[in-house]
Amino acid sequence: MADGSSGARPKLVVASANPDKVKELVALLGQRYEVIARPDDAPETIEDQDSLEGNAIKKAIEIAEFTGCSALADDTGLFVEALDGRPGVYSARYAGEDASYDDNVTKLLGELEAAGAVDVEDRRAEFRTVVALINPDGTGVTGEGSIQGTIVAERRGDGGFGYDPVFQPDEGEGRTFAQMPTDDKHELSHRGRALVALEQGLQRL
Ligand code: IMP
C-alpha cells in the first residue's frame, strides 16, 4: 500500500466521481487515511460489469494505474425483492442514461405500484455495496456490506442522496435514510459496513 511516510496516514485516492459518495467516504475514512480526491483528469470508468464487485474492482484498478497510488472504489445497488432484484447493478441509470436521483425514485415507486406491491411486507429491499482497495502493484482487497429495509410509498426527508428518501432501514427507528443525521446513516449504512469489512480484510493481509 502507498502509505507515504512512516507514521503518516496511508494515502488513498478515491476513485468515485460522485461528490455525494466522496463526501461519505471522506467522513468514514478520514481518520484512518489521507483521502485524496479523484484527479479531475482521470479517465471515466465505464461501469459495464454485471456485478458490484466487478465494477468496484474495475474502477479502483483504473485509478490506481492512472495515479500510481492505492485507490478505493465502491459500487452500490438497491435490490428490490418484488422487482426481482431491480434496479440492482443498474441503480444509477435505472430511469435512463442521464436519469436524476428523482427520476430513478419516481420510476421505482411506479414499478412497485404496477407490480401491486402496496403492503410493507411486499416492499422489501436491500442496499448492497462492494468496496475495493487496489494497490499500484495490482494487489488488493474487497469488502461487502448490506442493509435491509423497505421502500416507503412517499419520499421522506431531505438528507442523503439517491434512493435515500424512500429507503427505510429496518434498524432506523422508522426513519428513511434521508431523515437521518449523516452520522446515523453512516453507522448503519451498507457503505459503512462495506468499509468495516474492508478494514478487517486489510488487517488480515
Ligand atoms: P454507484 O454505482 O455506487 O454510484 O451507485 C449507484 C446508484 O445507487 C447511485 O446513483 C444512487 O442512485 C444509488 N445509491 C448509491 N449509494 C446510495 C446511498 O447510500 N443511498 C441512496 N442511494 C444510493
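Okay, here's what the table says:
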{"read-out": "Order of I63, I46 - criterion: other Cβ atoms within 10 Å of each residue's Cβ, fewest first", "value": "I46, I63"}
{"read-out": "Nearest 10 degrees, 0 to 90: helix 190-204 Cα axis against the chain principal axis", "value": "30 degrees"}
{"read-out": "Rounded tilt (10° steps) of 52-67 against the dominant C-alpha axis of the chain", "value": "30 degrees"}
{"read-out": "Within-15-Å neighbourhood charge of D184 [Cβ basis; K, R +1; D, E -1]", "value": "-3"}
{"read-out": "Fluctuation leader among E81, E97, E62 - the chain, Gaussian network, Cα springs under 10 angstrom", "value": "E97"}
{"read-out": "Residue-averaged [θ]222 nm for the chain, counting only DSSP H segments that reach four residues, each worth -39500 (n - 2.57)", "value": "-9500 deg cm²/dmol"}
{"read-out": "Least to most buried among S51, S16, S100 (fewest other Cβ within 10 Å first)", "value": "S100, S51, S16"}
{"read-out": "Helix 101-114 axis, angle to the chain major axis (alpha carbon atoms, nearest 10°)", "value": "40 degrees"}
{"read-out": "Formal net charge of residues neighbouring L108 (Cβ-Cβ distance under 15 Å; K, R +1; D, E -1)", "value": "-3"}
{"read-out": "Value of relative contact order over the stretch 11-204, rounded to a whole percent, pairs C-alpha under 8 Å and six or more apart", "value": "18 percent"}
{"read-out": "Net charge, T67 excluded, C-beta distance under 11 Å - Lys, Arg +1, Asp, Glu -1", "value": "-1"}
{"read-out": "Rg to Rh quotient for the chain, alpha carbon positions, Kirkwood Rh", "value": "0.99"}
{"read-out": "Exposure proxy order (Cβ contacts within 10 Å, fewest to most) of Y101, Y94, Y163", "value": "Y101, Y94, Y163"}
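Bear in mind these aren't lab numbers, they're just calculated from the coordinates by the rules spelled out. All of these numbers come straight from a predicted model, not from anything done at the bench. Counting neighbours? That spans all protein chains shown, and the Cβs are built from the backbone with ideal geometry, glycine included.
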